[in-house]
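Structure, as structure tokens:
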Amino acid sequence: MFNIVLVNPQIPPNTGTIGRLCVNLDATLHLIKPLGFDIDDKAVKRAGLDYWDKLNLVVWEDFDTFLQSHPIDNNTHLATTKTDNIYFDASFVKDDYILFGSETKGIDERVLLANPERCITIPMGGAGRSLNLGVSVGIVTYEALRQNFDGFQKISIKNELKESLCQ
């Protein structure tokens, strides 16, 4: 459905949580090295639970290699706190690339400055600097899903559960 790109993620549980989200949305997770952890780290797998083996995962050696294969275009969204472009004003289509920077540095400022029209942000109050990476990915990706919900494969409830709930 979508391509979620984490540029240099640092915290294993965030990546595990995002991997689980990607499985449930039929999205591809792209991880761009260097990573702040070993991808086999127990914390990643614990946060992703038993979903990690179902994840469509692509690991890139560096950001330049990723950009050579997927240049920033109209199907790219750069999530950052350094813009006034609100994410729910963006138009998302299936197969878009939604990029999120590392928990400590974000996306390289040069990339943001070269592509201001592709930058999106989540509105926040003035007391905080940013949201947790897993939360941010969930917020933005579910807006992308909302805009493209028609035809999305919904998970069905087992018949026995449906019957017991309807009684």
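Values in this text are rule-based calculations from the coordinates and carry no lab data. Just so it is clear, the model here is predicted, and its values are computed rather than measured. No Cβ is skipped: glycine too gets one built from the backbone with ideal geometry, and neighbour counts run over all protein chains shown.
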Revision key, fill the gap. Under the Karplus relation with 6.51, -1.76 and 1.60 and θ = phi - 60°, whole-Hz ³J(HN,Hα) for segment 133-149, x at Gly and Pro, equal 4, x, 5, 4, 4, x, 4, 5, 5, 6, 5, 4, 5, 4, 6, 10, 5
Review point. Which order do peptides 61-74, 96-109 fall in by mean Cβ count within 10 Å, highest first?
Key: 96-109, 61-74
Practice item. Quick one: which residues, 5 or more positions from residue 120 or on another chain, have an amide H under 5 Å from its amide H? H modelled 1.01 Å from N in the peptide plane, none for Pro or chain starts. Key: 78, 79, 80
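Taking square-rooted eigenvalues a ≥ b ≥ c of the alpha carbon gyration tensor, is segment 1-75 rounded, prolate or oblate, where a/c under 1.5 means rounded and, failing that, a/b exceeding b/c means prolate?
Oblate, because a/c is 1.5 or more while a/b does not exceed b/c.
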Point to revise | Extension gain from residue 74 to residue 113, taking 0.36 nm per residue of separation minus the Cα-Cα distance | key: 12.5 nm
Revision key, fill the gap. So residue 91 and residue 42, fully extended at 0.36 nm per residue minus their Cα-Cα distance, gain in nm 14.0 nm
Point to revise | Nonlocal amide H pairs with residue 56, under 5 Å, H built at 1.01 Å | key: 29
Exercise for review: Return the distance in nm (one decimal) between the two label points of a simple spin-label model at residue 64 and residue 150, each offset 7 Å from Cα along Cα→Cβ.
Suggested key: 4.3
Exercise for review: Could you give log10 I(q)/I(0) at q = 0.13 Å⁻¹ for the chain, computed by the Debye formula over C-alpha point scatterers of equal weight, without solvent?
Suggested key: -0.63
Point to revise | Distance (nanometres) between label positions extended 7 Å along Cα→Cβ at residue 124 and residue 81 | key: 0.4
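What is the packing order of peptides 117-124, 24-31, taking the mean over residues of other C-beta atoms within 10 Å and listing the highest first?
24-31, 117-124
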